[in-house]
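The values are calculated or read from the model by the stated rules, or taken from the named source; none is laboratory data. Worth saying up front: this structure is predicted, and the values here are computed from it rather than measured. As a convention, Cβ positions derive from the backbone with ideal geometry for all residues, glycine included, and neighbour counts pool all protein chains shown. The area values use the complete protein model at the heavy-atom level, side chains included, leaving out ligands, DNA and RNA. Shrake-Rupley method; radii C 1.70, N 1.55, O 1.52, S 1.80 Å.
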Amino acid sequence: MLGQSVALDPRQYAVRRDLADIRLADRVFAPHYAAAVLRVVVTATELREKPETDSAVIADLPEGAPFEVLEFVAGRAWGSAPSVNLVGYVDTRALSWPTS
């Protein structure tokens, strides 16, 4: 990255103080970058503002919606829901998993 980081809205861009989507590396500095892993919502679920299950719901994601995961932690996935152009947390049980 050349120059300074730009301020991006973390509700719409997958960027936190500790982690950012690798696709944003030309615009923001982060200690770590991750490549999004595409999953599909297999059971309608809520996109939440924070990882806690009682945090604010920012969108409802229907079955079939894409979800771009950047981090899996303790049964929650953080990433981007392109169908609503929002970033947040979902329960990992609501997401598809690759079959071998």
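Accessible area per residue for the chain is 61 Å², calculated with a 1.4 Å probe on protein heavy atoms, without ligands, DNA or RNA. Per-residue extension of 0.36 nm, minus the Cα-Cα distance of residue 40 and residue 16, leaves a gain of 6.4 nm for this segment.
Taking other residues whose beta carbon is less than 10 angstrom from the beta carbon of residue 92, and scoring Lys, Arg as +1 and Asp, Glu as -1, yields +2.
Within the accessible area of the chain, the carbon and sulfur atoms contribute 54%, probe 1.4 Å, all protein chains present.
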